[in-house]
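Presented below is the structure to which this report refers.
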Amino acid sequence: MSSTPSTSSSSSASSAGQARPAEDRPDVDETRPAETGRHGWRVVDIVVAAVLAVAVGLIFWLWNTAGYAWGQALGALTPGLSGLANGIWLLGGPLGGQVIRKPGAAVFVELVAALVSTAIGNQWGITTLTSGLFQGLGAGLVFALARYRVWSLPVTMLAGAGAGLGAWFNELFIGTTPNITLGPAYNAIYLVTNVLSGAVLAGLLAWLITRALARTGALSRFASGRTA
């Protein structure tokens, strides 16, 4: 009897142990250095997140006038209805989270976008930064609950709704006239309209933008560019 191991058997075992090709696992970021871990940030993540934040900050700045006017008009119809105009200001968190897909991305993009809007100049000044923080945390919490594994449209819309909840909570206690002084009816309506606006104008829009960017090849180094 030969003492030489069967070549075919060892070859089969080796093949069975091999990982599936990257194209069969579109949710895995094969461009990530192994030492960063699945949730670790690469240089490219930081750069792209910063670019997104600046772009979103410019959108915020452009929306400051139109969105504020729209909100005032809605609020004149029914107190609290102004929340329907807030969704565009909530875009950074869902978009950052959906594109970068790492812990902290939602907060980073929303907060830096708020900083850009503040630096250019707006009517709310430094309080814009607290808004950005709470909105980013609201969106980021939803992605965290999904364990940074599920990036479907419903989850992204829930992240937008979470950003709306964060905005509502921030304004409830912070500002020259905190909303807690405006009574329960106002705050109940404002909560619902913020959440709805966040889900549609932030969550849905973020999901569509991510897919549009993926089709251009701009996200080829990201898992979001291969699953969109």
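Values quoted throughout were computed directly from the atomic coordinates according to the rules given, and no laboratory measurement underlies them. For clarity, every value in this text was computed on a predicted model and none was experimentally measured. Backbone-built Cβ (ideal geometry, glycine too); neighbour counts: all protein chains shown.
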Theoretical FRET efficiency, 1/(1+(r/R0)^6), r = Cβ-Cβ of residue 211 and residue 188, R0 41 Å, to 0.05:
0.75
How high is the FRET efficiency between residue 227 and residue 62 when r is their beta carbon distance and R₀ equals 22 Å, given to the nearest 0.05?
0.15
In nanometres, the difference between 0.36 nm per residue of separation and the alpha-carbon distance of residue 78 and residue 200 is 41.9 nm
Protection proxy ranking, peptides 87-99, 66-78, 183-195, average beta carbon neighbours within 10 Å, highest first:
87-99, 183-195, 66-78
